[in-house]
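Data block below; observations after.
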Amino acid sequence: MDRECSRDGSSTSGNEIEIRIRRFNPTPKDREEARESAYVIPFVEGLTLHRALEYIYNRLDATLAFRPYRCDKGICMSCLVSVNGKRQQACITLLKPGDHILIEPDRDRTVIRDLVTVP
Amino acid sequence: MVKNLDIRKTDVLVMGGGGAGCRAAIEAASSGCRVLLASKFPVMKSGATVVAESFYSAPFGDADPEDNADRYFDDILRGGCGLSDPALAQRLARENCERTRDLESYGVCFKREENGRLFQMRGPGHRYPRGLLPVRGGLWIVKRLHQEMKRKGVEVIEDLLMTKVLTNSGRVAGAIGLDIRQGTPVLIESRAVVIATGGYSRLWSYNDVPCDCTGDGLVMGYQAGADLIDIEMILFYPTAVIHPSFLYGLEMPHGLLLEQVGGRLLNGRQEEFLPPHLPTRDVMVALIYRELSEGRGSSHGGVFLDVSQPEERREDVRNKLRTYLPEKYNYLLKKGVDLTREPLEVAPVAHYTLGGLRIDSNCQTRIGGLFAAGEAAGNIHGANRLAGNALPETQVFGAKAGERASQWAQGQSPVPWDDAEVMVEANLMESFFNPREKPINPSWLKARLQDLMWSYAGIEREERKLKKALEEIVRMRSEDMERVAIPPIREFNLQWIDALEVSKMLDLSEMVVRSALLRKETRGHHFRLDYPERDDRDWLKHILIRKEKERVSLWTESAAGTGPVPPETK
């Protein structure tokens, strides 16, 4: 599904979430240091980390790289990332209002760019 | 020459890493051909098979010995409302069990009864119980196919977005695409190409398919000269969640929930409105839409799927849920939703695309060396597909396409690709980096197109709205697409993928709308408000599309096999 909310457009609440993302660009000039980007997004009921990344990509930062595929069941591991230092699948990671989280690429894999990794 | 062009050589190129693509690659490699499989994203992390619901129809007759391939064939034809191609339906019916046994030999398990027979349940439109439950669903089908593919020595390239099939004198010369990781063009020289890139349900904003099902393969096939057939036929899944909103788009298997678990589908007034025997999905969608349009919908614009029971009967429902859909039941529990206590609001969403590339019963398109299989191929199911027939379709036609593609490759000498054609395609890819006045973000354009298709060419169709959709699509392509610009990043640039996808989605949307406009009747999943009746006198016909002199040409052909009607060119 593409939509962040239902057909009637309901369920936005006033609370926000802060997401910091470790960025990595493989072109030589950037290779030395990874940087970090911070985004503040609105919380909606049932918001998963993957949908939050889609929100950031679609509305705040089109340069963000992450794995767009999601099975939404937590079975395919496509969206595996590190959340506050813990390996998690973004599609089944539920966010809470007021969360402050740091997202990094999965550390056991090779980084292509930002959160995109390969074995 | 194109800068940084990475050139590979193979005998058979398979595009698409889902069920059909992997099966095609296995079969082609079995004959000793060199096989290369290109997948837009990594295998097991791409395509629709991975997320497929656990329902796989096959006429084994384990639950009812009266069942056989002939009866299954009759049901497919009846379900297809006259548009299923008998030769293809015949192949699906006759070869289904054998291909399913192949899957078992690769290590796929299907649920069995205590006596060792296959568990088989009846699905809507099937007169006999045929529905197998693959253990752990579609993901494990792809996992086992992937293992087998590796054993057979298939070379797999992941994160490779194919954009164009190269031809020379009506024959396949190879294909070109974008290496998403590096951001560089890749040319694959190949004598045969199998398009197994899946369907195009992502043309609509409300769908239950993964992000990669954008119909790239149909447009590549069309551009190479192959025909498209009945692409106005979109299977809308009747019961996807619309509320609570955090489960939006989750498919709820109505066959299992209503027939096995004993649930009910209720309108906003808590009344049942389905007939006692669950109808096929096209009829179900029409019945749900009748409730909605006559003002009997739920508060969020759907109907209630209710398996809840009073306390004393809950344990029984729980047991049934654990038996028939354990993964889904547990997943919902984790999200705080207990089906035994509360109903969900559901409505139809785009689920499976019935039309596609026209193939003969050997999966061959009209271009020499170009084959198609799986959801990317059309004319198999007709105007509606019976539940559980998508997964066996991937196996039966995947295997056939692989077999024929390898035979073709072994019997032909390679034809040279045209350097100019490669240059044009590579420049097109690069052109998105050009600076634009008033640039447009491709993911924004994609969302606009999906909204347009849902509102004006979605479930309920009429001439006025379809014409408006067509006008807007043409405008989007000539004005908006020209302004699409992307950030100057080569490695894994999602905007680049979006730009390449949306440019094909615009072409395909135009063709879908033209077909929907032309079919002035209601049949299967095609509902015309202005032509509400099925018209067998004038419309027992296929709608075909071909590229002629760089233009979209549509014509109809009798579905009874009486020959073509003269083309109607744009």
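Taken together, the values in this text are just the output of simple stated rules run on the coordinates, not laboratory data. As the structure is a computational prediction, the values presented were derived from the model and not from experiment. Every residue, glycine as well, gets a Cβ built from its backbone with ideal geometry; the counts of neighbours run over all protein chains shown.
At-a-glance table
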| quantity | calculated |
| --- | --- |
| Charge sum, other residues only, whose C-beta stays under 12 Å from B:K143's C-beta, Lys/Arg counted +1 and Asp/Glu -1 | +3 |
| Antiparallel DSSP beta bridges within region A:16-117, as percent of all bridges there, nearest 5 | 80 percent |
| Value of Rg to Rh for region B:209-286 (Rh from inverse mean 1/r over Cα pairs, i.e. Kirkwood) | 1.11 |
| When the convex hull of its Cα atoms is projected in every direction, mean area for region B:264-307 (nm²) | 3.0 nm² |
| Under Karplus coefficients 6.51, -1.76 and 1.60, residue-wise ³J(HN,Hα) of region B:146-156 in Hz, glycine/proline x | 4, 4, 5, 4, 5, 4, 7, x, 6, 7, 10 |
| In sequence order, calculated HN-Hα J values of region B:448-465 (Karplus, 6.51, -1.76, 1.60; Hz; x Gly/Pro) | 4, 5, 5, 5, 4, 5, 5, 6, 10, 9, x, 5, 9, 10, 8, 3, 4, 6 |
| Principal axis dimensions, largest first and in whole angstrom, of chain B by Cα | 75, 52, 51 |
| Dipole in debye (nearest 20) - region A:16-117, about Cα centre, beta carbon charges: Lys, Arg +1; Asp, Glu -1 | 280 debye |
| Distance from region B:245-280 to region B:18-40 (C-alpha centre basis), Å | 38 Å |
| Selection from B:G297, B:C33, B:P532 lying farthest towards where the dipole of the protein assembly as shown points positive, charges on Cβ | B:C33 |
| Cα-based radius of gyration of region B:61-185 once divided by 2.2 N^0.38 Å, which approximates compact folds | 1.43 |
| Fully extended contour minus Cα-Cα distance, from B:R537 to B:T323, at 0.36 nm per residue | 72.4 nm |
| D (Stokes-Einstein, µm²/s), Kirkwood Cα radius, region A:16-117, 0.890 mPa s at 25 °C | 179 µm²/s |
| Net charge of Cβ neighbours under 10 Å - reference A:S78; Lys, Arg +1; Asp, Glu -1 | +3 |
| Orientation-averaged projected area, Cα convex hull of region B:294-402 (nm²) | 10.5 nm² |
| In order through region B:122-139: 3J(HN,Hα) via Karplus (6.51 cos²θ - 1.76 cosθ + 1.60), integer Hz, x for Gly, Pro | 7, x, x, x, 8, 7, 10, x, 10, x, 8, 10, x, 5, 6, x, x, 4 |
| Full-stretch length increase - B:S105, B:Q223 - with 0.36 nm per residue and alpha-carbon distance subtracted | 38.7 nm |
| Pair-distance profile P(r), taking every C-alpha pair of the protein assembly as shown, with 10 angstrom steps and integer % | 3, 15, 27, 29, 19, 6, 1, 0 |
| Cross-link table A:K73/B:K143; A:K86/B:K334; B:K143/B:K446; B:K150/B:K320; B:K9/B:K152, entries beyond 26 Å C-alpha to C-alpha | B:K143/B:K446; B:K150/B:K320 |
| Residue order, fewest to most beta carbons within 10 Å, for B:F492, B:F236 | B:F492, B:F236 |
| Virtual paramagnetic centre 7 Å along Cα→Cβ of B:K3, amide N under 13 Å, in region B:152-196 | B:184-185 |
| Alpha-carbon centroid distance for the pair region A:94-119 / region B:471-536, whole angstrom | 33 Å |
| B:L386, A:L94, B:L357 arranged by Cβ crowding within 10 Å, fewest neighbours leading | A:L94, B:L386, B:L357 |
| Residue exposure sequence - A:T63, B:T197, B:T522 - by fewest surrounding Cβ within 10 Å | A:T63, B:T522, B:T197 |
| Antiparallel DSSP beta bridges within chain B, as percent of all bridges there, nearest 5 | 65 percent |
| Residues listed by number, region B:241-256, amide nitrogen under 15 Å from B:E342 label point at 7 Å toward C-beta | B:241-248 |
| Long-range amide H partners of A:I112 with built H, under 5 Å | A:T117, A:V118 |
| Dipole magnitude (debye, nearest 20) for the protein assembly as shown, charges at Cβ of Lys, Arg, Asp, Glu | 860 debye |
| Sequence-distant residues sharing a close amide H with B:R34 (under 5 Å, placed H) | B:D11, B:V12 |
| Gain on full stretching of the segment that runs from B:W444 to B:D64 - 0.36 nm per residue minus C-alpha separation | 131.6 nm |
| FRET efficiency, B:S299 to A:E45 (Cβ-Cβ, R0 22 Å, nearest 0.05) | 0.85 |
| Amide H within-cut-off set for B:R385, under 5 Å, with H built and near neighbours excluded | none |
| Chain B, helix-only ellipticity at 222 nm - DSSP H runs n ≥ 4, -39,500 (n - 2.57), divided by all residues, nearest 500 | -11000 deg cm²/dmol |
| Residues in region B:19-45 that a label on B:K150 would reach, taking backbone N under 14 Å of a point 7 Å out along Cα→Cβ | B:43-45 |
